[in-house]
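This report concerns only the one structure given below.
The values are calculated or read from the model by the stated rules, or taken from the named source; none is laboratory data. These figures come from a predicted structure and were not determined experimentally. Neighbour counts run over all protein chains shown; Cβ positions are idealised from the backbone, glycine included.
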């Protein structure tokens with residue numbers, strides 16, 4: 001199973017469109033927060049038709065309208081600030097913040113922990129747990145728009161840059 005993992009969109013619809021066109025073979029998409037505006041939810045829901053799992057970040061301001069727009073898409077789940085998923089037998093935790101991600105990884109309950117917030121791509125391990133930040137869709141803070149594709153069979157996470 002292939003999981004596309006993104007974070008920190010910050011209303012950058014052009015970059016999101018490129019990423020969505022590149023992840024058509026993914027079986028599910030995980031967003032680690034900071035969609036920002038409700039219109040990004042619509043773009044995400046229309047642009048990726050398989051399961052989408054979203055957690056909120058610190059810049060997701062209009063949660064009412066984000067939730068309202070997400071309800072239009074039966075394949076999209078808003079998990080609040082934390083998601084616990086099982087995909088192809090892999091136990092996955094998703095949140096927005098690095099400190100929480102490291103604490104979740106230290107619990108030894110997960111195969112994969114995903115986070116965002118600092119916009120910095122990172123792949124590290126804590127014991128048997130892979131901890132990853134896919135970088136930013138936005139691209140404005142680091143100068144690079146990126147995402148990660150995670151293969152549940154091999155356990156390999158691959159960074160992909162756009163632009």
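The residues of the stretch 83-110 that are touching a residue at least 40 places away in the same chain (Cβ under 8 Å) and surrounded by fewer than 19 Cβ atoms within 10 Å (Cβ to Cβ), listed by number, are 88, 89, 90.
Against the criterion of being assigned to a helix (DSSP H, G or I), touching a residue at least 12 places away in the same chain (Cβ under 8 Å), surrounded by 20 or more Cβ atoms within 10 Å (Cβ to Cβ) and on the phi < 0 side of the Ramachandran plot, residue 16 qualifies. Restricting the stretch 97-108 to residues that are part of a loop (DSSP other than H, G, I, E, B) and out of contact with any strand residue (DSSP E or B) (no Cβ under 8 Å at 6 or more places or on another chain), which is farthest from residue 16 (Cα to Cα)? Looking at the filtered set, the residue picked out is 107. When restricted to residues that are more than 18 Å from residue 138 (Cα to Cα) and assigned to a loop (DSSP other than H, G, I, E, B), the stretch 49-65 contains 4.
Could you tell me how many of the residues in the stretch 64-88 are touching a strand residue (DSSP E or B) at 6+ places or on another chain (Cβ under 9 Å) and either modelled with pLDDT under 95 or on the phi > 0 side of the Ramachandran plot (or both)? Total meeting the criteria: 1.
Table: residues versus (1) surrounded by 22 or more Cβ atoms within 10 Å (Cβ to Cβ); (2) in contact with a helix residue (DSSP H, G or I) (Cβ under 7 Å, 6 or more places away or on another chain); (3) closer than 15 Å to residue 9 by Cβ.
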| site | (1), (2), (3) |
| --- | --- |
| 34 | yes, no, yes |
| 48 | yes, yes, yes |
| 75 | no, no, no |
| 78 | no, yes, yes |
| 128 | no, no, no |
